[in-house]
Amino acid sequence: MNVLPWLLNWPPRPGAVIAFLFVTAFSVGTLVLFTPVTDQINPDEATVEASNVSVYLNDEITMPDIENGTVATCVASGTPGDHLTVRADILVETPMEGSNTSPYDIEVSLGNGSMTTTEPVQQTGRERVDVFWVVSDDESLSVGDTADIHIRLRDSDSVVATATRAVTVEKTRRSYDCES
């Protein structure tokens, strides 16, 4: 096929100009849209960021109201009595090292660090880890106090990234839905 006659056929048809501009705009738009994404996929250093962090305290120990001598099936919801609930959404970014497995763990501690929980990071790159942790109340916090939540990203025995969030302790309770 000889392209020269096609190129020399000026002026081009309006449909050809519109098609050329559409393909060019689509190509440039794709490059502009996905360039930041490819920059964020492989960070050089591990980072950890926490959002939606909350601490709930239930000082009450309640039992469901069931008539004497009957058997009931109950479903409970909420923080158990004399316990704290810690919730957090944690975004972890780790360097991709040619493997889908991750040697990282997230360690979450409340206050001075004597109580901790650990969640594994399942893969390298960017991952969101949801933390839901129920802790016995050691009476160090009350409703309205500020609780410090410390988040550490660990690689084997070393800490590679940290984040701290100060949140107000909120009051919660436990409710029961019972059927006889």
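We did not get these values from a lab; they are worked out from the coordinates using the rules stated. This structure is a prediction, so every number in the text was calculated from the model and none was measured. Counting neighbours? That spans all protein chains shown, and the Cβs are built from the backbone with ideal geometry, glycine included.
Where does the longest stretch of the chain lie that holds no GluC sites (Glu not before Pro) found in a DSSP loop with 15 or fewer other Cβ atoms within 10 Å?
1-44
What's the extension gain from THR162 to ASP177 if we count 0.36 nm per residue and subtract their Cα-Cα distance?
Stretched fully, the THR162-ASP177 segment lengthens by 1.4 nm.
Of VAL32, VAL86, VAL167, which is the most mobile in a GNM of the chain whose springs link Cα atoms less than 10 angstrom apart?
VAL32
How far apart, in nm, are two points set 7 Å out from the Cα along the Cα-to-Cβ line at ASP148 and at LEU33?
4.5
Based on the alpha-carbon set only, what is the convex hull volume of the chain divided per residue, in Å³?
Looking at the chain, the number lands at 271 Å³ per residue.
Once you charge only the Cβ atoms, +1 for Lys and Arg and -1 for Asp and Glu, what is the size of the charge dipole of the chain about its Cα centre, to the nearest 20 debye?
My answer is approximately 1280 debye.
Residue farthest toward the positive end of the dipole of the chain, with Cβ of Lys/Arg at +1 and Asp/Glu at -1: which of ALA16, SER136, THR168?
Of ALA16, SER136, THR168, it is ALA16.
What's the extension gain from THR117 to ALA25 if we count 0.36 nm per residue and subtract their Cα-Cα distance?
This chain segment gains 28.1 nm when fully extended.
May I ask for the angle, rounded to the nearest 10°, between helix 14-41 and the longest principal axis of the chain, with both axes built from Cα atoms and the value confined to 0 to 90°?
Value to nearest ten degrees: 40.
Charges on Cβ only, +1 for Lys and Arg, -1 for Asp and Glu, centred on the Cα centroid of the chain; of ILE90, SER158, ALA72, which one is farthest towards the dipole's positive end?
Farthest towards the positive end: ILE90.
Using a 10 Å cut-off on Cβ atoms, rank the peptides 17-24, 154-161 from the highest mean neighbour count down.
Highest mean packing first, the order is 154-161, 17-24.
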